Amino acid sequence: MATSVVLFTRDLRLHDHPPLRAALDRSDAVVPLFVRDRAVDAAGFAAPNRLALLADCLRDLDSGLRDRGGRLVVRSGDLVEEVCAVAGEAEADEVHLAADVSAHAHRREELLRSALSARGCRLHVHDAVTTVLAPGSVTPASSDHFAVFTPYFRRWSERAVREPLAAPRRVRVPDGVGSEPLPARGDLTGLSPGLPTGGERDARKRLTAWLRGGIADYADHHDDLAGDATSRLSPDLHLGALSPVELVHRARRAGGPGAEAFVRQLAWRDFHHQVLAARPHASAADYRTRHDRWRTGAAAEADAAAWRDGRTGYPVVDAAMRQLRHEGWMHNRGRLLVASFLTKTLYVDWRVGAWHFLELLVDGDVANNQLNWQWAAGTGTDTRPHRVLNPTTQARRFDPGGTYVRRWVPELAGLAGRSVHEPWRLARAARAAYDAYPDPIVDLSEGLDRFRRARGRD
């Protein structure tokens, strides 16, 4: 009897799963396997919020497999050793895996291919599982990747997107392959209190609701901080509870400006993945160095701590940082604002912010998180690397009534209208009523002058 192993990584779903479909087409039995890779834990990427989402996704995946006559096998340890062990127990001759772009994923694939080959087992790596198009499938004539989004998006939009695959009707898993107990969210501590649930079933419900009630207005309202008009599907995409390929097809069927704007965001996601695939060092080093001499020392550390705690004295920045801590998620406009504030107004290394995001974000993956941070810091792919977002101006534009700020900065809830964005301008007696909220830790003009001097643009 021919048997295959399907190694799930960041593709925890049954709908539109090319590795699973290929294994079922080629084999009589399949072992759906997830390995809790100790290398990921050792690198510090096993943040509690994402572990909670992972536990939800694994339980949901196991439930979906059991509905089809199968089950999920879970192991912990060295990934290569565990995959080889399971392949041996199942007498499998093939292992199927979705391609990924990080340096860790590349090393994992190389080591796994070598170890399996030594045992007479083949590794099949499938593209366009965690992205819409495979990184490297769209390239300019003069390079191995696009460094600017607009020409990439033009070429990306011209490419045909494969059709989504239906979920399997039945999955047969061989006997005799042992599994650890499934992880549970209840076993974890230190979670953000407003964390969403994970898993394919809930993700598909969110997607359906979004297509019916949210996507039509997305183009006009996706930057509205208070309106919260984004899809909130990024956590589901991060661990693959939803297929980006299916999202593109369903959005295009919905049609309209909102759907076009949403598909553009999915293309941004692919763009970052193709950059990291070509330049793996960009996860930790400047993609384009500006020769920054980032601030260090006690004053810089105090500023970074105030930023993390949502106590900078700039209400829209603090609101976004508090949303992150409470929900494990932040509105995309908020992400841009707080990243610009840390790297350009406070002139603190983008890696400080990127790591803090990875500690809390339920959707935090290396490609999107690190390269978005580099974009904001001006060390990445931004064609205007020295732009600085003024938090007060941005707040007036994207939270004109101050609703978002009042939601997350309750100390200022009594302030009416736009005055909530600049409490330091209140008359002394009025300001005293809100003294629980701090004054700004830096004057914006001083921060701008410091940044321009540091970049040699004064």
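The values are calculated or read from the model by the stated rules, or taken from the named source; none is laboratory data. This structure is a prediction, so every number in the text was calculated from the model and none was measured. Cβ placement follows ideal geometry from the backbone for every residue including glycine, while neighbour counts extend to all protein chains displayed. Accessible surface is based on the protein model in full, side chains and every heavy atom, while ligands, DNA and RNA are left aside. Shrake-Rupley method; radii C 1.70, N 1.55, O 1.52, S 1.80 Å.
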Margin query: Would you confirm whether or not segment 92-109 contains a residue that is in the same structural domain as residue 43 (by the TED database), farther than 27 Å from residue 285 by Cβ, part of a helix (DSSP H, G or I) and out of contact with any Lys or Arg (no Cβ under 9 Å at 6 or more places or on another chain)?
Written below: no
Next item on the list: Take residue 46 and decide whether it is touching a residue at least 60 places away in the same chain (Cβ under 8 Å), closer than 21 Å to residue 104 by Cα and open to solvent by 10 Å² or more (accessible area, probe 1.4 Å).
Entry: no
Item checked: Single residue of 354, 339 found to be free of Cβ contacts under 8 Å to residues at least 24 places away in the same chain and among the hydrophobic types (A, V, I, L, M, F, W, C) -> 354
Next item on the list: Could you name every one of the helices (runs of 4 or more DSSP H) located completely within segment 388-456 that has at least 1 residues being modelled with pLDDT of 95 or more and of a type outside the set (Ser, Thr, Tyr)?
Entry: 391-398, 403-408, 444-454
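Please determine, by comparing only the residues of segment 30-42 that are open to solvent by 50 Å² or more (accessible area, probe 1.4 Å) and not basic (Lys, Arg), which one is modelled with the highest pLDDT. Let's see the steps before the verdict.
Restricting attention to segment 30-42, the residues satisfying the condition of being open to solvent by 50 Å² or more (accessible area, probe 1.4 Å) are 36, 38, 40-42.
Among the residues that remain, those that are also not basic (Lys, Arg) are: 40-42.
Numbers: 40: 83, 41: 80, 42: 75.
Here the residue is 40.
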Checklist line | Filter pass, residue 56 being crowded, with 20+ Cβ neighbours inside 10 Å, within 20 Å of the chain's Cα centre (by Cα), outside any loop (DSSP other than H, G, I, E, B) and assigned by the TED database to the domain that holds residue 30 | finding: yes
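Let's see how each residue does on (1) under 30 Å from residue 6 (Cβ atoms); (2) of a type outside the set (S, T, N, Q); (3) under 23 Å from the mean Cα position of the chain (by Cα):
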site: 126; (1), (2), (3): yes, yes, yes
site: 129; (1), (2), (3): yes, yes, yes
site: 135; (1), (2), (3): yes, yes, yes
site: 139; (1), (2), (3): yes, no, no
site: 144; (1), (2), (3): yes, yes, no
Checklist line | Breaking point among (1) out of contact with any His (no Cβ under 9 Å at 6 or more places or on another chain); (2) closer than 29 Å to residue 130 by Cβ; (3) buried (at least 16 other Cβ atoms within 10 Å of the Cβ), for residue 303 | finding: (2)
Next item on the list: Answer yes if at least one residue in segment 54-66 is without any contact (Cβ under 8 Å) to a residue 60 or more places away in the chain and touching a strand residue (DSSP E or B) at 6+ places or on another chain (Cβ under 6 Å), and no otherwise.
Entry: no
Next item on the list: Scan (1) open to solvent by less than 40 Å² (accessible area, probe 1.4 Å); (2) within 23 Å of residue 400 (Cα to Cα) for the single condition residue 455 breaks and write down its number.
Entry: (2)
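Within segment 212-236, can you find the residues that are touching a Pro at 6+ places or on another chain (Cβ under 7 Å) and open to solvent by 20 Å² or more (accessible area, probe 1.4 Å)? First the steps, then the outcome.
To start, the set of residues in segment 212-236 that are touching a Pro at 6+ places or on another chain (Cβ under 7 Å) comprises 219, 235.
Within segment 212-236, just 219 meets the criteria.
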Next item on the list: Note down all Cβ pairs under 6 Å where the first residue falls in segment 306-325 and is buried (at least 24 other Cβ atoms within 10 Å of the Cβ), the second is charged (D, E, K, R) and assigned to a helix (DSSP H, G or I), and they're at least six residues apart or on different chains.
Entry: 312/318
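Restricting to segment 398-417, name every residue that is of a type in the set (D, E, K, R) and either crowded, with 16+ Cβ neighbours inside 10 Å or under 22 Å from residue 373 (Cβ atoms) (or both). Don't jump to the end; show me each part of the working.
Step one: list which residues in segment 398-417 are of a type in the set (D, E, K, R), which gives 399, 406-407, 411.
The answer is 399, 406, 407.
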Next item on the list: Kindly check whether there is at least one residue in segment 310-319 that is in contact with a helix residue (DSSP H, G or I) (Cβ under 8 Å, 6 or more places away or on another chain), of a type outside the set (D, E, K, R), closer than 30 Å to residue 129 by Cα and not assigned by the TED database to the domain that holds residue 244.
Entry: no
Next item on the list: Go through the residues of segment 286-299 one by one and say whether even a single one is over 21 Å from the mean Cα position of the chain (by Cα), over 30 Å from residue 137 (Cα atoms), at pLDDT 95 or above and part of a helix (DSSP H, G or I).
Entry: yes
Next item on the list: May I ask you to list the residues in segment 308-349 that are within 20 Å of residue 455 (Cβ to Cβ) and more than 21 Å from the chain's Cα centre (by Cα)?
Entry: 344, 345, 346, 347, 348
Checklist line | Contacts under 9 angstrom Cβ, first residue in segment 401-425 being assigned by the TED database to the domain that holds residue 335 and at positive phi, partner in a helix (DSSP H, G or I) and surrounded by fewer than 13 Cβ atoms within 10 Å (Cβ to Cβ), 6 or more apart | finding: 402/417
Margin query: Suppose we keep only residues that are of a type in the set (Asp, Glu) and under 25 Å from residue 147 (Cβ atoms) within segment 237-278. Which one would you say is most open to solvent (accessible area, probe 1.4 Å)?
Written below: 260
